[in-house]
Amino acid sequence: MPSQRMWCLVSMLLMVVWMAPFAPANAQPSDGEPLSLDSWADASLEAMLADCAEDGDLGRLTGRARVVMDTLIAWHPEPGSSDAFARAFVIEQHAEGLTRLGARAKAEDYRQLAAWLFDYEGDPGGVSGLPPRRGQESGWQVAQAISALRIPAADGDAGVYRVLTELHEARSEDLGEFAELVAALAVVFDAGKPENPVEQEIENPAGALDVFAHYADHAKALQMDPRRMPGPLLVHAVDAAVSAKDLEWALLRASGNAQVGALFHEIAYDSNALRRGNDALRLNEGGGFGLPVILERGGVCRHQAFFASSVGKSIGVPTVYMRASGIEIGHAWVGYLRKSSRRATWDMSEGRYDDYQKLRGEIVCPQTRAQVSDQEVAMTGELLGVPLSDRLASAALATAASRFANWEKRAMGYPPVLPEGVGAQTEDAGDGDRNTRRPRRSVRRDTLVRAEPRPATTEMRFDMLRQSAEKVPWDRHSWSLLLSWADDLSTADRQAWLDAVHTLVGRKYPDVLVSLVSPLIAAIDDPAARDAAWAWLADRVRRTPQLSLEVAVRRADGLVEMGQSDEALAAYSDAARRFAREGPFVMRALEGAQRLLNQAPDKTAAMNYQLDLYGDVFRMVPKPVSVVAPEYLRGSTYVQVGSEYASLLRRVGRDQEARQIRRALR
């Protein structure tokens, strides 16, 4: 029976044979100059693009680009600083996506798109009828902008290329000028029209081409120029779930208005509909639905937020439809980007009632359709001044980290062989015969190639991910990868990542710190280490009371899991009393204490404890002073704590005190 070693050798031989057609040709060093990996990669990429221009074989291009990228991952001293690394990443990503598309589309359609994206020179062989366009570079600019947005497989890249094809056929001459806008449209409309957050059906919602035409044709009239904004911000501008006609209407009405948040209050609030339900909405009276109808008839908070965010998008301002669930009633409001000459910040305050100020708001991400927190959105403002090259490098490094995750499980074909001549230079033999050369290692070899390939280990995977996050800490995709791999972190590595998150984003965005590191802490198996990590986090957010409350409750939850009920009860109670004024999360602390007290053997002592706790907290919780409708008062923390306190008083026969509390809640 063949030995395991023999099977391994056979597998490696088969891999070499399979990869042979994809292997780039070796470039040769010029006289007296060392050949760096970058030089080899650039020459290889140029050669494979030229071949693809001739034969149109995108599958072969995918394989060859992957070999280049894998070689740079394994051998390059600093792939994140390599232009060739980013270029290989872009070519591989789009060649693979177009290859998949090719199985479902006409060959000439996707090959024509490939010729545009990869900036072939001239009229590639096998591709006919290329439309004239202004500048061959426009497609490559779009290709880079899309890759920087990190299209995951779940994003449906076939949809991305469908949108690109539509835009390229209609507006090919304009796309390079608006490359980031095109990229944003491709990843937002890839799965169809953007989400409609209201229950009324939108008549003739705008498509990707409609939105592009609106932005490109009115660029000078917009509040923010789409040519000067990165894709991660533009995805919040192009996701307009209204008709092209309404976009025009809103632009004419609101052009020059930098105070997008004020638009929220232009819509009259329909209190009758909130009390009687959606059937009472005047919006349901017929006659169509759109922005002018909302302005005329009014609505509830979701219509106010929808109107303000949609009008903001029409004038070129990135906006978000924000929502949060209170204890009994949900609420929606608007967030929008404020831009100065050098920086951009998000304003999430307009229409956000008092009791929702301390709740974490959420949006549906226009690109992934996943829930994203308000503070994760706020981070995107930092991307305004980040070069596309850095965003590309960060995306490529995150892809390298994912490669290592696969190589750890199955290292077949890794590491790739170092190309011949890389890391060497030639010199005179010393006998005057310039035709006689002998190779020698460059004295600058460390700048050309690593002495050994990077090992396919978990440590190397997280090292690549760390480099990605450090390159662009404001992009949540790297952090999402970290959370997906939380179980693979060692104790030491986990603490290093906690410190890294705090250093890179947590000091400026403490909400993001809590949302990112809480799952990392919760995944710690050792109870004592987990409690120590919660204590670490509590110290980092001590100046933000509502976050201190959240962390204190999560730490108390951990104590319950450890079986330390007395310590957990003390922690819940302390959190409720210390942070009674810090919003709805205080109910989590009270409910945690109540669960433990319900299990106590001494029911009388437990009831007295609850009465003291609820009484203390109720006296400290502020009563809302301004609400648009009584329904929001009934859903407030003040009413919820007071109602439970009154119920406890009645259970022990203190009816007069209970009635006093009930009167105070009106």
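Note that segment 515-563 shows a convex hull volume over its alpha carbon atoms of 59 Å³ per residue. Reported value for segment 529-666: 102 Å³ per residue, from the convex hull of its C-alpha atoms.
Considering only Cα-Cα distances, which of the following residue pairs are longer than 29 Å: K339/K508; K358/K603; K313/K358; K220/K245; K245/K339; K358/K508? Among K339/K508; K358/K603; K313/K358; K220/K245; K245/K339; K358/K508, the Cα-Cα distance tops 29 Å for K358/K603.
Taking the three principal axes of the alpha carbon atoms in segment 553-610, the coordinate ranges are 32, 25, 13 Å, sorted in descending order. Accessible area per residue for segment 541-590, computed on protein heavy atoms with a 1.4 Å probe, is 44 Å². Surface composition of segment 457-527: carbon and sulfur atoms hold 51% of the protein heavy-atom accessible area at a 1.4 Å probe.
Other residues with beta-carbon under 13 Å from the beta-carbon of A580 carry, at +1 per Lys or Arg and -1 per Asp or Glu, a net charge of +4. Highest mean first, the peptides 509-522, 594-607 sorted by other C-beta atoms within 10 Å per residue fall in the order 509-522, 594-607.
For K471, neighbours were defined as the other residues whose beta-carbon sits under 15 Å from its Cβ, and their charges (Lys and Arg +1, Asp and Glu -1) total -3.
The values are calculated or read from the model by the stated rules, or taken from the named source; none is laboratory data. Fair warning: this is a prediction, and the values are worked out from it, not measured in the lab. Ideal geometry is used to build each Cβ from the backbone, glycine not excepted, and the neighbour counts take in all protein chains shown. Each accessible area value is taken on the protein alone, full model and side chains, heavy atoms only, with ligands, DNA and RNA left out. Shrake-Rupley method; radii C 1.70, N 1.55, O 1.52, S 1.80 Å.
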